[in-house]
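One structure is given here, and the rest of the page talks about it.
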Amino acid sequence: MGLKAYLNDIVEAVVTTAKGMRITARYGVDPKEEVTLQYPEERWEIPDRYRGFLHNDIKKCTSCTMCVKVCPVDCISLEAVRGADKKMVLAFYDINIGRCMYCGLCVEVCPVKSLTHTSGYEMASTDRGELILHFIHEDAAEVKARVARQVAEAAAKAAEAAKAAEGTKAAEPPGPATPKPAGAQAAAKAPEVPSLGTEPTPAPEKKE
Amino acid sequence: MEALAKSLVNAVPLLAGVPLWAVTLLLMVVVAVVILVFALTFEGVGSLVLRKVAGDIQARIGPNRVGPNGILQFLADGVKLVLKEDIIPANADRLLFQLAPYFVFVGSFAAFVVVPFGVGLIAADLNIGIYYVMAVTSLVVVGVLLAGWSSNNKWALLGGMRAAAQIVSYEIPVGMALIPAVLIAGSLSLQDIVRSQGGLLGVFGWNLFHNPFTFFSFFLYFTAAQAETNQTPFDLPEAESELVSGYNVEYSGIRFGFFFLAEFGDMFIVAALATACFLGGWNVPFFNADTLPWIWGNLLSLGVFLTKAFAMVLIMMWVRWTLPRLRVDQLMRMSWKYLVPLTFVNLLGVSLWLLLFKGKGIPGMIASLFG
């Protein structure tokens, strides 16, 4: 290394240090350069299509289980029973938000748009159980019992109506004949047929 | 200190019955406590300022939760360090492990003894002041090496070895860069060095402007001293990204606190030495602080000294958050190939200058032109 290169090294070291220090001084003096967001007090603006926590509008939900099937991490579980009006009634609909990876597939696949992303992102908990979102606040067993009762009532009504109809017009077998067994069977089958959820609980259908 | 004790005994008749050595001892303890309190306060506030400066420079805010605008953060840190469990690793060399932080802290704190805070504010005006500082701060190497060795941890050992190599290498340029100030004052005592920069020239009486060689000497000293005290561009012994935390990786609680305090103490010592040797020390510009009444002279000179020293500390922090860490070979090359030869050239230049111009600096010569 010649003397020239040696001196060049020194000059370069001094010049680059001065340059760097000028830059840091500019940042140090200018308060506008601060990028810190004082999080709990200040918040960033959430984008329109932000994928936050999931929310299921259960009034719209048809229990089609599309979301359960599409979920790559199996964080959604639901169970539904067939109600008196032939519509599925959710016994429970849980989303384990601690397991959710916010891919948004379930929202995309939802045919009635009942499942949506909210803008929520804050949920700290000391218990993993608290991270499971329950969208049916009633107990699953209670819901099933209630639905079964309604179904049984409807079946009884249908049977009465059928009997009355038989009394008036004897020649009409296919019309009321089908609802009669269907109604009776529905009460018995209710839990198994739509056992779309993961845990088929022992059915409380023995009440009729 | 004994002279002070004598004057105290003369001034206060109540003390006449007390033996002189007792009064002297008491005075020594009092002075030590005062300096310790100053050092600890500086180290605490310094850590807060360091973090605030870091925040500003890195476009962040820095600590702002404890107390208004975060100004009590250092108390929280201190309480945390004191309350944390003092863990000694099972396979560590217990005695050396426990001893190491004290070496480091003592090495750093003992240097405060000769820091000339003001006209009369110096714990002991040793006639070998600079030599003493150089010698006593070398104790830090022993502590760091002990810490690295006794931790029984590869990171710690590597950090300790690096620290030893680095501090030993950089002590040479540090000493050589300080010698010009000694040559000009003709004394190793820091008070004499500060006094030699006084006079009517004001700022231009400083050694910094004495001649071109002392001007460079200041920057060489500042660079080398940062490396000697493991400040950030040269903080290889504790390089977080490679050695986790270096020699103090196994330490926790108050023992870690000692290392931490020593680091900030070293920072102040470097700033104080740079101030005393090159920036006029406590000299008030255009004013002789010696002639003022004792209390005002001391207060004024103390203020001037601390302003300069703290400004130097701020510059050290500024450098710290600007430059990236050097590699080991770069560090060694910088010391042996650049700083050592340059400081020798500077030393030669200053000596020749003093010989040729009979000890006069450039500002002094210009001043003598105008009478």
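Nothing in this text is a laboratory measurement; each read-out follows from the coordinates by a stated rule. Note that this is a predicted model, so its numbers are computed, not measured. Don't worry about glycine lacking a Cβ; one is built from the backbone with ideal geometry, like all the others, and counts go over all protein chains shown.
By how many nm would the segment from B:Asn64 to B:Ser241 grow when fully extended, if each residue of separation counts as 0.36 nm and the alpha-carbon distance is taken off?
Contour length minus the Cα-Cα distance gives 61.1 nm.
Return the sequence-ordered ³J(HN,Hα) values of region B:108-123 in whole Hz as given by the Karplus equation 6.51 cos²θ - 1.76 cosθ + 1.60 applied to θ = phi - 60°, using x for Gly and Pro.
Listing the rounded values in order: 7, 6, 5, 5, 5, 4, 9, 6, x, 6, x, 3, x, 8, 8, 4 Hz.
Once both labels are modelled 7 Å past Cα along the beta-carbon direction, what's the A:Arg99-B:Leu83 spacing in nm?
With each label point 7 Å from Cα toward Cβ, the separation is 3.9 nm.
Relative contact order, percent, of region A:1-148 when contacts are C-alpha pairs under 8 Å separated by at least 6 residues?
Once divided by the residue count of region A:1-148, the mean separation gives 25 percent.
Give me, ordered by chain and number, the residues 5 or more places off A:Tyr50 or on other chains with an amide H under 5 Å from its own placed amide H.
Answer set, sorted by chain and number: none.
Hey, how many Å between the Cα centroid of region B:335-358 and the Cα centroid of region B:129-174?
26 Å
Report the Cα centroid-to-centroid distance between region A:43-116 and region B:190-255 in angstrom, as an integer.
63 Å
Could you tell me the ratio Rg/Rh of region A:54-137? Both radii from Cα atoms, Rh via Kirkwood.
Answer for region A:54-137: 0.96.
Per q in 0.08, 0.09, 0.10 Å⁻¹, report the Debye log10 I(q)/I(0) for chain B, using one uniform scatterer on each alpha carbon and no solvent.
One equal scatterer on each Cα of chain B leads to -0.44, -0.56, -0.69.
Over 28 Å between Cα atoms: which of A:Lys19/B:Lys52; A:Lys19/B:Lys337; A:Lys60/A:Lys144; A:Lys69/A:Lys157; B:Lys84/B:Lys154; B:Lys52/B:Lys84 fall into that group?
The pairs that break the limit, which is 28 Å between Cα atoms, are A:Lys69/A:Lys157.
Using a simple spin-label model with points 7 Å from Cα along the Cα→Cβ vector, what separation in nm is obtained for A:Val14 and B:Ser368?
Simple spin-label model gives 2.8 nm for this pair.
For B:Leu27 and B:Leu356, FRET efficiency with R0 = 35 Å and r from the beta-carbon atoms, rounded to 0.05?
So the FRET efficiency works out to roughly 0.15.
Taking every pair of distinct Cα atoms and averaging 1/r, then inverting, what Kirkwood hydrodynamic radius in Å comes out for region B:170-292?
Taking the inverse mean of 1/r over all distinct Cα pairs, region B:170-292 comes out at 15.9 Å.
Kindly provide the helix-only [θ] at 222 nm of the protein assembly as shown, computed as the sum of -39,500 (n - 2.57) over DSSP H runs of four or more divided by all residues, to the nearest 500 deg cm²/dmol?
-18000 deg cm²/dmol
What ³J(HN,Hα) values, in whole Hz, does the Karplus curve 6.51 cos²θ - 1.76 cosθ + 1.60 give for region A:84-101 when θ = phi - 60°, with x put for Gly and Pro?
5, 8, 6, 8, 6, 10, 6, 8, 8, 9, 10, 10, 7, 6, x, 9, 4, 10
How big is the dipole moment of the protein assembly as shown about its Cα centre under a simple scheme where the beta carbon of each Lys and Arg is +1, that of each Asp and Glu is -1, and everything else is neutral? Debye, nearest 20, please.
That gives a dipole near 800 debye.
Quick one: order B:Trp155, B:Trp294 by neighbouring beta-carbon count within 10 Å, fewest to most.
B:Trp294, B:Trp155
What is chain B's relative contact order, in percent, from Cα pairs under 8 angstrom and six or more apart in sequence?
21 percent
Measuring from centroid to centroid over Cα atoms, what is the spacing of region B:69-90 and region A:1-39 in Å?
33 Å
How high is the relative contact order of region B:244-371, in percent, with contacts defined as C-alpha pairs under 8 Å that are six or more residues apart?
19 percent
Counting other C-beta atoms within 10 Å, which of B:Asp192, B:Asp56 has the fewest, and how do the rest follow?
B:Asp192, B:Asp56
Give the average over all directions of the projected area of the C-alpha convex hull of the protein assembly as shown, one decimal, in nm².
Quarter of the Cα hull surface area: 43.9 nm².
Kindly put B:Tyr247, A:Tyr102 in sequence by how many other C-beta atoms sit within 10 Å of each C-beta, fewest to most.
Ascending number of Cβ neighbours within 10 Å: A:Tyr102, B:Tyr247.
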